Amino acid sequence: MSDRKSKSPADHGHHHRQAAPSSVPTAIVTVSDTRTLETDTGGALVEEMLAKAGQSVTGRRIVPDEPEAIRAALDQAISDSESRAVIFTGGTGVAARDVTPDVLAPEFDRSIPGFGELFRMLSYEEIGSAALLSRALAGLKQGKIVFVIPGSRGAVRLAMEKLILPELGHLAGETQKKT
């Protein structure tokens, strides 16, 4: 029998969470050929949920489903000294115009594979086998966290509630540690 106490998932990494920043300034980028700021309900929900959780939003913009525009939006968000994280919504499916993951994944310094895996697992619980169409992912670039999620309100809510908001501060704290 082990002397170690059994830890619940909420207890795991507790000391890391205590040192995590309480606010992580985050940029929001919606990838869409058809949305405007007024009609972008997914990006608006990301912004609303960040605000309700006490997180600051450093900017919100929409870019077309074009590799150059997506890459430029990433570069701009990463170079913003205020932002510590970027959340991309849209363009994560399997349609020909859905290129967001293809453009962003090679830009990451490190990937966070568990994010996409857990997102698809949680999606499966809600929508069944259609979850396999999602190419949600996350990674790090220059010490900043980048999330790539579908743009539908249901997918945004799932990603934000179950994965992003619970771990945003923890991830930001970990990415700032010096080795």
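The values are calculated or read from the model by the stated rules, or taken from the named source; none is laboratory data. Everything quoted here is computed from the prediction, not taken from an experiment. We place every Cβ from the backbone using ideal geometry, glycine too, and count neighbours over all the protein chains shown.
Filtering the range 54-87 to residues that are of a type outside the set (Ser, Thr, Tyr) and touching a Pro at 6+ places or on another chain (Cβ under 9 Å) leaves Gln55, Val57, Ile70, Asp80, Glu82, Arg84, Ala85.
Which ones in the range 85-116 are over 23 Å from Ser23 (Cβ atoms), buried (at least 24 other Cβ atoms within 10 Å of the Cβ) and among the hydrophobic types (A, V, I, L, M, F, W, C)? If the condition is that a residue be over 23 Å from Ser23 (Cβ atoms), buried (at least 24 other Cβ atoms within 10 Å of the Cβ) and among the hydrophobic types (A, V, I, L, M, F, W, C), then Leu104 is the only one that fits. Listed by first and then second residue, the pairs linking a residue in the range 36-52 that is in contact (Cβ under 8 Å) with a residue 24 or more places away in the chain and surrounded by 11 or more Cβ atoms within 10 Å (Cβ to Cβ) to a residue that is in a helix (DSSP H, G or I) and aliphatic (A, V, I, L, M), with Cβ atoms under 7 Å apart and 6 or more places separating them unless they lie on different chains, are Gly42/Val156; Leu45/Val156; Val46/Val156; Val46/Met160; Met49/Met160; Met49/Leu165.
Residues are listed down the side, and each one gets a yes or a no for (1) out of contact with any Gly (no Cβ under 6 Å at 6 or more places or on another chain); (2) touching a residue at least 24 places away in the same chain (Cβ under 8 Å):
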site	(1), (2)
Ser56	yes, yes
Gly59	yes, yes
Glu68	yes, no
Ala72	yes, no
Val94	yes, yes
Phe115	yes, yes
Val146	no, yes
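Just to be sure, is Arg120 modelled with pLDDT of 95 or more, surrounded by 15 or more Cβ atoms within 10 Å (Cβ to Cβ), of a type outside the set (Gly, Ala, Ser) and outside any helix (DSSP H, G or I)? For Arg120, the condition - modelled with pLDDT of 95 or more, surrounded by 15 or more Cβ atoms within 10 Å (Cβ to Cβ), of a type outside the set (Gly, Ala, Ser) and outside any helix (DSSP H, G or I) - is not met. Criterion applied to Arg71, Arg17 was being of a type in the set (D, E, K, R), modelled with pLDDT under 95, outside any loop (DSSP other than H, G, I, E, B) and surrounded by 13 or more Cβ atoms within 10 Å (Cβ to Cβ), and the one residue passing it is Arg17.
If you go through the range 74-92 and keep only what is touching a residue at least 24 places away in the same chain (Cβ under 8 Å), hydroxyl-bearing (Ser, Thr, Tyr) and assigned to a loop (DSSP other than H, G, I, E, B), you end up with Ser83, Thr92. If you go through the range 123-159 and pick out every residue that is in a helix (DSSP H, G or I), in contact with a strand residue (DSSP E or B) (Cβ under 9 Å, 6 or more places away or on another chain) and within 18 Å of Ile62 (Cβ to Cβ), you end up with 2.
Quick grid of which residues meet (1) at positive phi; (2) out of contact with any Leu (no Cβ under 8 Å at 6 or more places or on another chain); (3) of a type in the set (Gly, Ala, Ser):
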position	(1), (2), (3)
Ser32	no, yes, yes
Gly43	no, no, yes
Gly90	yes, yes, yes
Ala96	no, yes, yes
Asp109	no, no, no
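With respect to (1) crowded, with 20+ Cβ neighbours inside 10 Å; (2) basic (Lys, Arg); (3) over 24 Å from Ile78 (Cα atoms), the lone exception for Lys144 is condition (3).
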